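Below is one structure; the comments refer to it alone.
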Amino acid sequence: MRRTTHHRTTTATAGAAAAALLLLGCGSTQQDGKGTAGTAGTAGTGGTAGPTSASQPSPPGCTAHADLTAADSGRTLCLTVGGYLRLTLDGTEERPWTPVKATGTALKGADAGIVILPGDALAAYTATTPGTARLTSSRPLCATAPGRISCKGIQEWTVTVRVARP
C-alpha cells in the first residue's frame, strides 16, 4: 500500500502496514482463469480477477475475487456466487472516507480486517445470491481545519456489483 502523505508515516505504522499486508496477501500475483495475471490490491488495476474453480467456470466477465480502490469508482463488476470482494479507500485525517454502504441483497458483509490509518475505509463482502448491489462512500474534496477557509465539495465513490451463478 503506497502512501503519498509522508507526514503520516512512522516506523510503527509502516510495521503494522507490512504485517497486515503479509496477513492479507496483498500484492500477490493471481491468475484470473484466462491465463492472464494481475496484482491484487494495486490501484488502477480495476480489481483484477482471482483464481476460479475448474469444475465451476465463471460466467463470461465474472470473477470469483476482486480488490477495489478509489480508482475503481464508477465501475461495474460481476462476481460469482460465493465470490469475495474487498475494498480499500485510502484517506487522511483531514479528508476521511465515510464508512462504505451497501444496498441490495446480493452481497453480505464479511470480515475486512483492520483499518490501519485514520481516514481510511475498509470493507469486504461475500457474494451470496444472484442480483445487484451498489457500494458507496464519500469524502470532502478539501481538507477541513478549524479557523481556515475550506470548500464544501464532496468526492463520491460508487461501484455496482452484479452477482451471477457460476
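Quick note: the coordinates plus some simple rules give every number you see, no bench work behind them. Quantities reported herein were computed from a predicted structural model and do not represent experimental measurements. Cβ placement follows ideal geometry from the backbone for every residue including glycine, while neighbour counts extend to all protein chains displayed.
Results, tabulated for the structure shown:
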read-out	value
Gyration tensor verdict on region 107-153 (Cα atoms; rounded if a/c is under 1.5, prolate if a/b is larger than b/c, oblate otherwise)	oblate
Calculated P(r) of region 74-166 - Cα pairs past 24 Å, %	29
Relative contact order (%) - region 71-127, alpha-carbon pairs under 8 angstrom, separation at least six	46
Extension gain, residue 120 back to residue 95 (0.36 nm per residue minus Cα-Cα distance, nm)	8.1 nm
Under the Karplus curve 6.51 cos²θ - 1.76 cosθ + 1.60, θ = phi - 60°, whole-Hz ³J(HN,Hα) for region 140-152, x wherever Gly or Pro sits	x, 6, 10, 5, 9, 9, x, x, 10, 6, 9, 8, 9
Summed residue charge, Cβ within 11 Å of residue 122's Cβ, Lys/Arg positive, Asp/Glu negative	-2
